[in-house]
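A short write-up of the structure that comes next.
The values are calculated or read from the model by the stated rules, or taken from the named source; none is laboratory data. Note that this is a predicted model, so its numbers are computed, not measured. Cβ placement follows ideal geometry from the backbone for every residue including glycine, while neighbour counts extend to all protein chains displayed. Heads up: the accessible areas ignore ligands, DNA and RNA and are worked out on the full protein's heavy atoms, side chains in. Shrake-Rupley method; radii C 1.70, N 1.55, O 1.52, S 1.80 Å.
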Amino acid sequence: MASTIVRRNITSNLKKFPFFSSSRFSNNHLFNDEPSTTVSFHSQTAAAAGGGGGLPSYMRGAVYWEPNKPLTIEEFHIPRPKAGELLIKTKACGVCHSDLHVMKGEIPFTSPCVVGHEITGEVVEHGQNTDSKTIERLPVGSRVVGAFIMPCGNCSYCSKGHDDLCEAFFAYNRAKGTLYDGETRLFLRSSGKPVFMYSMGGLAEYCVVPANALAVLPSSMPYTESAILGCAVFTAYGAMAHAAEVRPGDSVAVIGTGGVGSSCLQIARAFGASDIIAVDVQDNKLEKAKTLGATHTINSAKEDPIEKILEITGGKGVDVAVEALGLPQTFAQCTQSVKDGGKAVMIGLAKAGSLGEVDINRLVRRKIKVIGSYGGRARQDLPKLIRLADTGIFDLGHAVTRKYTFEESGKAFQDLNEGKIVGRAVIEIV
């Protein structure tokens, strides 16, 4: 085993932007501190030298070390799934603002970790003692999509079908960077040291995913474009179906038309919404929004979005407004854009500690509903989204506008940070 860490800076040509600077880390700097969360590990997991059934012994993954430092590609032992988990050979991984929030230190998360949480891939191994129904549903060789909210299937929320509130997912993955036995599946080849997982840690050549977060991807659907079903479309569907409960004829405003917001436009159209209003500050995104279902567009850098929405809706406001940016200003715009009895749905993550303001008297007197929504419900919703895309009702081809290679992962997140991506981008891992 090599005595030093094999590291290649995947953004060495991006010196002009400090978030993706080419500065390297010393080994002592990387590992002189223990992880911020106390987690136990079985030593044999880190020492496992090879995969099962002809798998390679090692793989590569993109690692986030600390805020505003470059991602690096590291070599790992092939991760090994446990009961109820599957090893996936990753084919594609979406580029999402949630990862970017973590990489910029805006949302605290245990590090070092492998980012990436909307994936497609191929099943290559089942964890030992995985039940026969899971193996029958997802045999080796299956093409799959993975949802970023990975339900345990057993907690009080999952037992009621509320996979989006899974207790284990938030207690272990989001709080500790592990799967639901309190352990990561990722260990560096050079040192055996643990690396944590943001969801499944999908920006890697292989990843371990709980079976409840996976659905079969038909052979008629491409790996690359279909990756966004696991977060961008999944989040939009959760907002529209469960939080907003959009009905035919409803008027809908979407504030922020990036990857998730633009997916909201398509879902609103699929649900039969009448007026679909896209709000953004970039004209190119608004032009794209027209192809995805928007009947009206508002550039909020040039005109007041609340006044314009009231004008479009005859002075009433919309039935549903969706905030997809996570900013205090747009939070307020969202609540002020809905009609009496309307729903303001918040899906944009914000910098930790951010607060939104709301007019309490209007909220009370006019029965305004402010609803948070993190995502869909994997076991119920992911198969539905696959069918919507496979039939062309949701247009994946128009939703995905940029593709990057695995080695260009850093550039992908730089472009996202600089607002250069219209719609959604996907990193291809072949």
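Exactly one condition in (1) in contact with a Phe, Trp or Tyr (Cβ under 9 Å, 6 or more places away or on another chain); (2) surrounded by 21 or more Cβ atoms within 10 Å (Cβ to Cβ); (3) outside any loop (DSSP other than H, G, I, E, B) is not met by Leu388; state its number.
(2)
Can you tell me which residues in the range 64-114 are over 16 Å from Val208 (Cα atoms), in contact with a Ser or Thr (Cβ under 7 Å, 6 or more places away or on another chain) and among the aliphatic types (A, V, I, L, M)?
Leu71
Would a scan of the range 266-277 turn up a residue that is touching a Ser or Thr at 6+ places or on another chain (Cβ under 8 Å), in contact (Cβ under 8 Å) with a residue 24 or more places away in the chain and assigned to a helix (DSSP H, G or I)?
No, because not a single residue in the range 266-277 is touching a Ser or Thr at 6+ places or on another chain (Cβ under 8 Å), in contact (Cβ under 8 Å) with a residue 24 or more places away in the chain and assigned to a helix (DSSP H, G or I).
Evaluate the range 182-189: report whether one residue or more is under 17 Å from the mean Cα position of the chain (by Cα) and open to solvent by 10 Å² or more (accessible area, probe 1.4 Å).
No; the residues of the range 182-189 include none that is under 17 Å from the mean Cα position of the chain (by Cα) and open to solvent by 10 Å² or more (accessible area, probe 1.4 Å).
Output the residues belonging to the range 391-410 that are closer than 19 Å to Gly116 by Cβ, surrounded by 15 or more Cβ atoms within 10 Å (Cβ to Cβ) and not basic (Lys, Arg).
Result: Leu396, Ala399, Val400, Thr401, Tyr404, Phe406, Glu408, Ser409, Gly410.
Please specify each residue of the range 318-341 satisfying the condition of being among the small types (Gly, Ala, Ser), touching a Gly at 6+ places or on another chain (Cβ under 8 Å) and either open to solvent by 50 Å² or more (accessible area, probe 1.4 Å) or more than 18 Å from Gly375 (Cβ to Cβ) (or both).
Ala321, Ala332, Ser337
Just one of the numbered conditions (1) outside any strand (DSSP E or B); (2) open to solvent by 10 Å² or more (accessible area, probe 1.4 Å); (3) not β-branched (Val, Ile, Thr) is not true of Ser199; which one?
(2)
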